[in-house]
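Below: one structure, written as structure tokens.
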Amino acid sequence: MKFHHLRNATLVIETDEHVILVDPMLGKRKTIPPFTIFRYKPKRNPLVALPKNSRDILSKVTHCLITHLHPDHIDKAGEVFLRRKNIPVTCSIKDEKTLTTRGLNIVQSLNYWEPQEFLNGKITGIPAIHGYGFIAKLMGNVMGFNIELANEKSVYISSDTIFTEHVQKVLVEFKPEIAVVACGTARLDIGQPLLMRMNDILKFVALAPNQVFANHLEALNHCPTTRKELREALSENNLLDKVSIPEDGENVSY
């Protein structure tokens with residue numbers, strides 16, 4: 001199994017039989033307005049271009065997972081790509097109507113905690129709470145995915161979430177062999193962070209039974225945590241050997 005990290009949360013999981021695209025933000029640099037004006041510099045998003053090898057990787061995609069509707073997870077260019085190639089999409093039942101009206105080929109929608117058949121295995125939708133305190137309500141619904149395919153390592157895509165009892169349950173009971181965690185500690189101009197603070201990232205990694213794949217870094221103007229800071233914090237806590245922190249365009253084999 002190979003994980004291709006494109007940018008932010010956009011990820012391609014390549015197995016022998018399937019190539020699964022997760023959360024396609026495929027637009028050019030600066031095509032999305034700043035997510036924060038005052039707290040951090042109001043730069044347009046994404047801050048970085050897609051890596052040069054992304055076209056080759058995307059050309060192989062056979063399926064897509066969408067965790068939620070924020071533009072840093074599915075943008076206009078991502079929608080165009082999915083429509084043009086008529087890629088089968090799996091999403092939350094709460095997003096099915098919206099994505100269908102945008103012309104996407106929704107072949108499967110999930111309720112939380114109700115496993116369904118998926119490719120040659122199964123998939124379970126996991127609740128994700130997108131922020132600490134009141135800000136989570138403003139962020140709307142988000143779904144993580146636990147994927148178990150035949151003859152492949154199991155994967156937990158936790159998506160945009162803080163550390164919760166749901167996250168803990170997946171790590172402890174489902175024991176995913178690869179757990180993906182969003183590490184940018186995003187914040188808007190109001191409220192608390194939208195993603196795990198560093199202490200919760202460390203808790204997630206410590207509790208993860210196997211390997212961790214860190215993303216959602218250095219691509220958006222409201223995500224201050226850098227790869228370097230994450231690496232240092234993990235190193236100080238003797239957790240770095242469990243975690244891959246890929247550069248844009250890099251792949252990790254599991």
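For the stretch 196-246, the equivalent ellipsoid built from the Cα gyration tensor has semi-axes of 18, 11, 10 Å, listed from largest to smallest.
Relative to the 2.2 N^0.38 Å rule of thumb, the stretch 103-171 has a C-alpha radius of gyration ratio of 1.20. Quick one: plug the Kirkwood hydrodynamic radius of the chain (C-alpha pairs) into Stokes-Einstein at 4 °C, 1.567 mPa s, and report D in µm²/s. The estimated diffusion coefficient comes to 72 µm²/s.
Could you let me know the centre-to-centre spacing of the stretch 158-235 and the stretch 63-87, using Cα atoms, in angstrom? Each part's Cα centre sits 23 Å from the other's.
Of the solvent-accessible surface of the chain, computed with a 1.4 Å probe and all protein chains present, 50% belongs to carbon and sulfur.
Any idea what the relative contact order of the chain is, in percent, if you count C-alpha pairs under 8 Å spaced at least 6 apart? About 20 percent, as a whole number. Based on DSSP H segments of at least four residues, each scored -39500 (n - 2.57), the chain has a per-residue ellipticity at 222 nm of -5000 deg cm²/dmol. For the set Lys30/Lys137; Lys28/Lys203; Lys137/Lys169; Lys94/Lys153; Lys153/Lys228; Lys41/Lys153, the pairs lying more than 31 angstrom apart at their alpha carbons are Lys28/Lys203; Lys41/Lys153. For the chain, the residue among Pro88, Phe204, Gly103 whose Cα projects farthest onto the positive side of the dipole built from Cβ charges is Gly103.
Rolling a 1.4 Å probe across the protein heavy atoms gives the chain an accessible surface of 43 Å² per residue. Close amide H partners of Leu26, meaning residues 5 or more places away or on another chain with modelled amide H under 5 Å apart, are Asp75, Ala77, Gly78. Evaluated with a Cβ-only charge set (Lys, Arg +1; Asp, Glu -1), the chain carries a dipole of roughly 1040 debye about its Cα centre, given to the nearest 20.
The values are calculated or read from the model by the stated rules, or taken from the named source; none is laboratory data. If you're wondering where the values come from, they're calculated on a predicted model, not measured in any experiment. We place every Cβ from the backbone using ideal geometry, glycine too, and count neighbours over all the protein chains shown. Areas reflect the complete protein model, heavy atoms only, side chains present, ligands, DNA and RNA absent. Shrake-Rupley method; radii C 1.70, N 1.55, O 1.52, S 1.80 Å.
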